[in-house]
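Readers should treat all values here as calculations from the given coordinates under stated rules, not as data from a laboratory. Given the structure is predicted, the values throughout are model-derived calculations rather than measurements. Reconstructed Cβ throughout: ideal geometry from the backbone, glycine too, with neighbour counts over all protein chains shown.
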Amino acid sequence: MSKMRLGVNIDHVAVLREARRVNDPDIMQALYVACSNGADQITIHLREDRRHIQDIDAKNIMRASSVPVNLECAIDRDILNIVCNLKPHRATLVPEKREEVTTEGGLDVFTYEERISYAIEQLHDSIIPVSLFVDPTIEAMNQSKELGAEMVELHTGTFANLFNMLNSSLPYSNHSVKEFELPRYELSDRLEKSLENIKNSAKHANSIGLEVAAGHGLNYHNVHEMMKIEEIIELNIGQSIIARSVFTGLAEAIKEMRRLTAK
């Protein structure tokens, strides 16, 4: 039995640390636990506002990780310079807004075509492979290939929100997704279409020579849908694993996700 490559995003450990501005929980301990319990990759996001991962974290993680590091970053010159110096195993270019709670939506590979092209060229000059975090559309797949990326990570946020509004208590919480407060039959139809977009985009990306990952909003209840898409070879999951670890411990939370992502 083969397994999906699992990238464990440990940003939310740093979120907890920064809430009190003490070195607890220790991001390096999270790294060691993740590497020892099934993570095929460590994913971190060095944001411009440094709300969680700090420069020293990225540097220490790069030095100490026993598995590849996927460093997410914006198409910002100063950030790109840092990434080029760190030389992660891969850089994933993502959109970024200071006011957002988390990354919302895929990178606009059309509006920012010139800036993205320059960023990819700069990263390639430092021998760093590039993935683009994009919405699951055929047009975005073609543009990503045209821009020179080796990989795409399909933004699964819409799928995850629809799935959770249909299959969890989310609609009854303070965090209900207003856009999707719809009759169940309509949610079901939209969920099916969202999944179809992901499947078609993954298949097309693979056919034009792009590796395919997926991530955003994936959790223990919805990840099985991604496992049905053979073209997806990697999942990057963070918040749900860290949330589960509050009750089970991080090692067991990762092992449980690892079991769910065995093909």
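Rounded to two decimals, the Cα radius of gyration of region 47-149 over 2.2 N^0.38 Å is 1.05. Across region 208-215, computed HN-Hα scalar couplings (Karplus, 6.51 cos²θ - 1.76 cosθ + 1.60, θ = phi - 60°) run 9, x, 9, 6, 10, 10, 8, x Hz from first to last residue, x flagging Gly and Pro. A dipole drawn for the chain from +1 and -1 charges on Cβ atoms has a positive end, and of Gln54, Ser36, Pro88 the residue lying farthest that way is Ser36. Less than 5 angstrom separates the built amide H of Asn222 from none of the residues sequence-distant by 5 or more or on a different chain. Computed on the Cα atoms alone, the convex hull of region 5-260 gives a volume of 126 cubic angstrom per residue.
Quick one: putting +1 on the C-beta of Lys and Arg, -1 on the C-beta of Asp and Glu, what dipole do you get for region 167-263 around its Cα centre, in Debye to the nearest 20?
That gives region 167-263 a dipole magnitude of about 240 debye.
For region 18-121, applying the loop criterion from DSSP together with a ceiling of 14 other beta carbons within 10 Å to the trypsin sites (Lys or Arg not before Pro) yields Arg21, Arg50, Arg51, Lys97, Arg98.
Couplings for region 133-149, taken from phi via the Karplus curve 6.51 cos²θ - 1.76 cosθ + 1.60 with θ = phi - 60°, read 8, 10, 5, x, 10, 4, 4, 5, 5, 4, 5, 4, 5, 4, 6, x, 6 Hz in order; Gly and Pro are left as x. FRET efficiency for the Leu170 to Ser207 pair, using the beta carbon distance and R₀ = 35 Å, is estimated at 0.50. Placing R0 at 41 angstrom, the Cβ-Cβ distance between Tyr220 and Lys87 gives a FRET efficiency of 0.80 after rounding to 0.05. Fully extending the segment from Ile138 to Arg50 would add 28.4 nm, taking 0.36 nm per residue of separation and subtracting the current Cα-Cα distance.
Modelled this way, with points 7 Å down the Cα-to-C-beta line, the labels at Gln29 and Leu16 are 0.9 nm from one another.
Find how many whole Å separate the alpha carbon centroid of region 58-77 from the alpha carbon centroid of region 157-172. Measuring centre to centre over Cα atoms gives 31 Å.
When you restrict to C-alpha pairs under 8 Å that are six or more residues apart and normalise by the size of region 73-172, the relative contact order lands at 26 percent. Put a plus charge on the Cβ of each Lys and Arg, a minus charge on the Cβ of each Asp and Glu, and nothing anywhere else: the dipole of region 59-145 about its Cα centre is then about 560 debye.
Charge tally for Val13 (other residues, Cβ to Cβ under 12 Å; Lys, Arg +1; Asp, Glu -1): -4. Loop-resident GluC sites (Glu not before Pro) (DSSP state other than H, G, I, E or B) in region 162-263 with no more than 10 further Cβ atoms inside 10 Å of their Cβ: Glu181. For Thr92, the amide hydrogen comes within under 5 Å of the amide hydrogens of Leu71, Glu72, Cys73, Ser131, counting only partners 5 or more places away or on other chains and with H modelled in the peptide plane.
Computed from backbone phi with θ = phi - 60° and the Karplus coefficients 6.51, -1.76 and 1.60, the 3J(HN,Hα) list for region 66-71 is 8, 10, x, 10, 9, 9 Hz; x is used for glycine and proline. Dipole magnitude for region 5-260: about 820 debye, using +1 per Lys or Arg Cβ and -1 per Asp or Glu Cβ, origin at the Cα centre. Cross-link partners for Lys228 among the aspartates and glutamates, with Cα-Cα distance under 16 Å and sequence neighbours closer than 8 places in the same chain left out: Glu192, Glu196.
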